[in-house]
Ligand code: UD1
Ligand code: CA
């Protein structure tokens, strides 16, 4: 960290054709957050004074994501994808207005940490240009960092342009580059496109800068951090690495994962202590789990979705699953039990409430200690509107009850099994809507005899 103000420019205009997707590459998710979202988060925790994002024409989804996650960021459109140097030049007004350091990040490199950005920034106190490099297991496709043996970078050679000797170099360009702003525009304007791809390479800033007397250096980081995503296989690899990182974090935080490799977290999942998670559990975005919680196998906590921005809160000592589906806006209070084949959406279950089997609770409040029998359904949707169900504390809802919302069940009320409740029920009352029980002694035996005779 230095006192020099930092401008971070994120290049995200590439279409990412190898993804074969209608979605721009940087909007593909890793652990429930877009690639761009991960990069913006790293830029924010690196304390950038300003953030600029370069997007492609017509990428309104990318613009919306950038505006949502980095309010106040300057957004620029690169009209034609003519290379990374050209992309950075799309942010010319931001570069011209800035005095201090500039760090360039790629929108397709989501595992990058703030510490690496800070290392690049720190190196700028002694050098004009800095490139973040890594030792690649397989360097194919990456730009190679060429050095003079005295710690100075002489050039970055793109794989396609590299000689056999240059290709043997293992130190690769992560894509993160830092510049002092003073002569950056002059350097960028000096970059040409005489190379294998006919593009304006940002990496050529090293050679162009050198010719102007500027000095470039490299700082190193771990390969796992710098993986770029150009296709879906790389997307899957990055997801796997992110999950490994997150599982280790959750275990260190005091949760037991019986089979860690089968549990999938979101980037922001928060798990308390003494949480016991059985195999095959999936967490979507925006989920918080308290202490002492048990989450049984095959439970899906969906978290947020496009309509509901609040995720799910699982309170202390909750017992959840197996096979529960917890959708957005769910708030489970202390000691709540939600069991197999129970779906909860936009509903609060207060302390000690139980819904153990085969139930749908949507747009509802379930009061403390209430018991929801198997097969209970809140009928919250009439095909046009959603309505709410309110169940008072200590109420007992008999099995196979349909609660037709809007409806209110008073505290301590009992609903007879199999009822269809369309009107409010007073506290401590009994409500049953079943047809009366009718019984005819011996009728079945007579019926069988009669039918037997007819058949002969
Ligand atoms: C780039 C680097 C390479 C490095 C590798 C690391 C250059 C010339 N090459 O190669 O040295 O090893 O990343 O992953 O910089 N972009 C634009 N506009 C463009 C072109 C690209 O915004 O006109 C953006 C893309 O959206 C992407 C990033 O820049 O986020 C990198 O572009 P990409 O085409 O993926 O570069 P690589 O070939 O991977
Ligand atoms: Ca790339």
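The values are calculated or read from the model by the stated rules, or taken from the named source; none is laboratory data. On a predicted model such as this, the values are computed, not experimentally measured, just so you know. Heads up, the Cβs are rebuilt from the backbone with ideal geometry, glycines too, and the neighbour counts pull from every protein chain shown.
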Quick one: in the range 2-11, of everything that is more than 13 Å from residue 82 (Cα to Cα) and touching a helix residue (DSSP H, G or I) at 6+ places or on another chain (Cβ under 9 Å), which residue is surrounded by the fewest Cβ atoms within 10 Å (Cβ to Cβ)?
2
Out of the residues in the range 202-227 meeting the condition of being part of a loop (DSSP other than H, G, I, E, B) and touching a helix residue (DSSP H, G or I) at 6+ places or on another chain (Cβ under 6 Å), tell me which one is nearest to residue 142 (Cα to Cα).
227
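Return yes when residue 64 is under 26 Å from residue 113 (Cβ atoms) and within 16 Å of ligand 2 (Cβ to nearest atom) and no when it is not.
no
Suppose we filter 375, 383, 362 for residues that are under 26 Å from the mean Cα position of the chain (by Cα), more than 23 Å from residue 276 (Cα to Cα) and either without any contact (Cβ under 8 Å) to a residue 60 or more places away in the chain or outside any loop (DSSP other than H, G, I, E, B) (or both); which single one remains? Give the derivation first.
Details: 375 fails: under 26 Å from the mean Cα position of the chain (by Cα); 383 fails: under 26 Å from the mean Cα position of the chain (by Cα).
Selected residue: 362, the only one of 375, 383, 362 that is under 26 Å from the mean Cα position of the chain (by Cα), more than 23 Å from residue 276 (Cα to Cα) and either without any contact (Cβ under 8 Å) to a residue 60 or more places away in the chain or outside any loop (DSSP other than H, G, I, E, B) (or both).
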How about the range 194-210: which of its residues are within 11 Å of ligand 1 (Cβ to nearest atom) and within 37 Å of the chain's Cα centre (by Cα)?
196, 197, 199, 200, 201, 202, 203, 204, 205, 206
Check on residue 131, more than 17 Å from residue 26 (Cα to Cα), within 16 Å of ligand 2 (Cβ to nearest atom) and assigned to a strand (DSSP E or B)
yes
Scanning the range 30-63 for residues that are farther than 23 Å from residue 86 by Cα and out of contact with any strand residue (DSSP E or B) (no Cβ under 9 Å at 6 or more places or on another chain) gives 30, 33, 34, 45
Show the residue pairs meeting these rules: Cβ distance below 6 Å; 6+ apart or different chains; first residue within the range 83-102 and on the phi > 0 side of the Ramachandran plot; second residue modelled with pLDDT of 95 or more and within 16 Å of ligand 2 (Cβ to nearest atom).
83/199; 83/200; 83/201
Residue among 105, 146 that alone is farther than 22 Å from residue 35 by Cα and outside any loop (DSSP other than H, G, I, E, B)
146
